[in-house]
Amino acid sequence: MEYQLLNNAILFKEGERVLYLDFLTPNILRVSTDISHASDIVLPVRSPVKFTLSQEEGGYRLTGPLFQVQVDLNLFLRFAQLNDETLLEETSYEENPRKPHLHDDLAAKEGHAVEGQDCYEHTHAYLLHEDEHFYGLGDHVGPLDKREYRYINYNTDYPQAHEDDVLSLYKDFPFFLVKRLQASFGIYVDNPYKTRFDFGADQRQFSFSELKGSDDYYFLYGPSPKEVVSTFASLSGKMSLPPRWSLGYQQSRWSYADAPSVMNVVKSFKAADIPLEVVHLDIDYMEGYRIFTVSSSRFPAFSDFVANLRKEGIKVVTILDPGIKVDPDYSLYQEAIKGGYVATYQGEVYVNAVWPGDSVYPSFNEEKTRAWWADKCATFVKTTGVAGLWCDMNEPASFKGPLPSDVLFGKEKHEAVHNLYGHWMSKATHDGLLKANPELRPFVITRACFSGSQRYTTVWTGDNQSNWADLRLSPGQLLSLALSGMSFVGTDIGGFGGDCPSELMNRWIEFGVFSPFCRNHCAVANFYQEPYVFDAKTLANYRQWVYFRYRIVPYFYDLFYEHSQSGLPVLRPLFLEYPSDPVCDTLSDEFLLGSSLLVAPILDPGVSARSVYLPQGHWYPFFNKGEALLSGYHLQNAALGECLVYAKEGAIIPLYPTGVKNLDNEPKELVLKVFPGTGSLLHYQDDGTSLAYQKGAYNLYLFTNHDGLVSCNLLHQGYPTYERIRVITPSGETLLNLN
Ligand code: GLC
């Protein structure tokens, strides 16, 4: 085996085969067979890394500041701690003793079908160790710890129930975190082709496989899970601060098909006294599902309609599908064809079908198409006044069967850009919103996306069902997304398909107000699902929880600020904060919001109590003045309308005062709910909508709590401070003097 030292990397050669190892930072090693491969996602991170290279029997050893890696004569890698304890050990890809199948390459040669006919070009397999737990990988359902499960990352419009064994859903985050007793690490597979992940289904090895494309991945060293997540965020990007209003309550339905129906929703929310921040308009607002049009019969004077709602504090978000209706009289279709902005197949424009019937597909992977699309979005936003855009069906969905792998999007084949389609559509849409309002933070929501899409968009988990199984899997799904880099996440509250029974609605909103994206949405054929269509008790519970959501907006906002700085997620599985507590490794029916609140929603029918596990320390019931609970399992009551929430000892939770029901204007008062013990809070404040914070127009407060004695240090002042800060402790209430 030969090696060559290049600028930053080392090239190993064994016969025809090559392998580049490139230390980008002390935590990140890029492993690639083609160093010239340009990533669509990875940010240019690099800091000087001192490493040593030594030759030893059977290969070489590269020792960096935090970990080491050995390369053997097969070019297999072994990653280890500095004390030589193994982290990850590459093996040859062995037959699976539990479900025998041949090595993919062999299978391909012999014409065997492997996992839906796919023969993966590259497979990296590693020894499975007893202490390993696997997390991340985006929106896949099933357990939070994915050990022994297999998945395929191929963005898929999946309208059936999202059960544990579903291999592919809408999003592709080819990133996973491996937690071991001694240290955690992550792997990001920088490949947008279909990928397959097998986290030890055969109990002997785990592997990832790439259908085609470059064999390029990143090893991300922790040692803590938090460091892995932060490091991955430095590579794939963080979300900038969202508009504050996007943290408010959002209501949707497929569809509120005309202006009177929307007005009726608005009136009903008012009558029911439930805050309503955003209304989403699904596909029927358009003229025959032609994107960038509005039906003039159903929404006459649309921009006035949007402006009038805005005056009442309600923002309108409209859906935007990628499929452009084939209609020679439709100007967008004409432009798309003329400009060469759409996919082609065997020399002709490629046609499949989505909601409008026969449709053509913009090639969002091409810069010229994105610029064109951004212009369309900008014009639409400027002329209608809508506040955000909701990108859907962008896996892309296709009703006349899957797109052939060699449909061309510009110069690239469908198979090479499929998983990036939603990502590029979100970016183009985000750019369009910015173009329309350069001073405002864009709001985009998407169904399909890729690692790194958090730079442009928020997401929801697609078409779930109004059933208990789907509620139960929701926290794990949101946590997996959060670990994969996507913090602004939510489910369709109440479930999309099916009719939501009132008990389920109660339990879903109790959980839903703790999701960053808080929207009730439901499918066309189902009963209405707005809170006021339910019985009086459900309505009262719903109201109370939405009002509570408005109270905790400042806490959410602080967590988004924290995410924008450190890449740490807003929702956190317990193991992220308590990596040395083994009970936390598999918990996903309870979660942390930041590090200070633990939420344990009821996720089963007919139940008014549940077991809650509390990690190390003292935990205080958030809603009543109960005694502190210590680490361990606790049977806790939560009747319908109640959700179990605990604050960590010493926590300071920033709240808006009671009664806030709209986020356009920030309340003048901040409430700090303070719990016994010692703790601190970094609290962030700005105007909530503009980009002025990037030029310093924000405040950063450091509050500290010593058993109820709260002090404040204003670390940065660039924005008017609160008129009043009220501190609430178990023993009473005081005003905090900012001076
Ligand atoms: C897709 C979306 C859903 C939307 C529907 C109609 O199924 O996932 O949210 O309501 O299309 O546009």
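The values are calculated or read from the model by the stated rules, or taken from the named source; none is laboratory data. Just so we're clear, the structure is a prediction, and the values are computed from it rather than from any experiment. Ideal geometry is used to build each Cβ from the backbone, glycine not excepted, and the neighbour counts take in all protein chains shown. All accessible areas refer to the heavy atoms of the entire protein, side chains included, with ligands and DNA or RNA removed. Shrake-Rupley method; radii C 1.70, N 1.55, O 1.52, S 1.80 Å.
Rounded to the nearest angstrom and ordered from largest down, what semi-axes does the equivalent ellipsoid of the stretch 201-325 get from its C-alpha gyration tensor (root of 5λ)? Don't skip to the answer; put the middle values down first.
Working: eigenvalues 366, 92, 41 Å².
Listed largest to smallest, the semi-axes of the stretch 201-325 are 43, 21, 14 Å.
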Separation of alpha-carbon centers, the stretch 508-582 and the stretch 152-227, rounded to whole Å: 26 Å
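Sort Arg17, Arg180 from largest to smallest accessible area, using a 1.4 Å probe on the heavy atoms of the protein chains.
Values: Arg17 115, Arg180 30 Å².
Solvent-accessible surface, decreasing: Arg17, Arg180.
For the stretch 142-215, what's the relative contact order in percent, using C-alpha pairs closer than 8 Å and at least 6 residues apart?
Working: 123 pairs, mean separation 23.6, N = 74.
This gives 32 percent for the stretch 142-215.
Once every DSSP H run of n ≥ 4 in the chain is given -39500 (n - 2.57) and the sum is divided by its residues, what mean residue ellipticity at 222 nm do you get, rounded to the nearest 500 deg cm²/dmol?
-6000 deg cm²/dmol
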Heavy-atom SASA rank of His716, His521 (probe 1.4 Å, accessible area, largest first): His716, His521
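Highest first, please rank the peptides 538-551, 483-496 by the mean number of other Cβ atoms sitting within 10 Å of their residues. It would help to have the intermediate numbers written out before the result.
On the way: 538-551: 21.1, 483-496: 27.4.
Ranked by mean Cβ neighbours within 10 Å, highest first: 483-496, 538-551.
Counting only heavy atoms of protein chains, what accessible area per residue, in Å², does the chain have with a probe of 1.4 Å? Don't skip to the end; give the middle numbers.
Values: 26650 Å² over 739 residues.
In whole numbers, the chain has 36 Å² accessible per residue.
DSSP H helices in the chain with Cα extent of 18 Å or more along the helix axis and mean Kyte-Doolittle hydropathy at least 0.0?
Working: long enough: 259-272 (20 Å, 0.59); 367-384 (25 Å, -0.72); 421-436 (23 Å, -0.57); 468-483 (24 Å, 0.65); 536-551 (22 Å, -0.97); 553-566 (19 Å, -0.51).
Correct list, ordered by number: 259-272, 468-483.
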Paired Rg and Dmax values of the chain, which use every Cα atom, in angstrom: 25.8, 78
Qualifying GluC sites (Glu not before Pro) for the stretch 603-677 [loop in DSSP, other Cβ within 10 Å: at most 13]: Glu627
Above-threshold pairs, the threshold being 24 Å between Cα atoms, out of Lys226/Lys695; Lys226/Lys661; Lys325/Lys376; Lys146/Lys194; Lys238/Lys382: Lys226/Lys695; Lys226/Lys661; Lys238/Lys382
Accessible-area value, His706, 1.4 Å probe, nucleic acids and ligands omitted, Å²: 110 Å²
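Please state, as a whole number in µm²/s, the translational diffusion coefficient that the Stokes-Einstein equation yields for the stretch 1-81 at 25 °C and 0.890 mPa s, with Rh defined as the Kirkwood radius across alpha carbon pairs.
D, rounded to a whole number, is 187 µm²/s.
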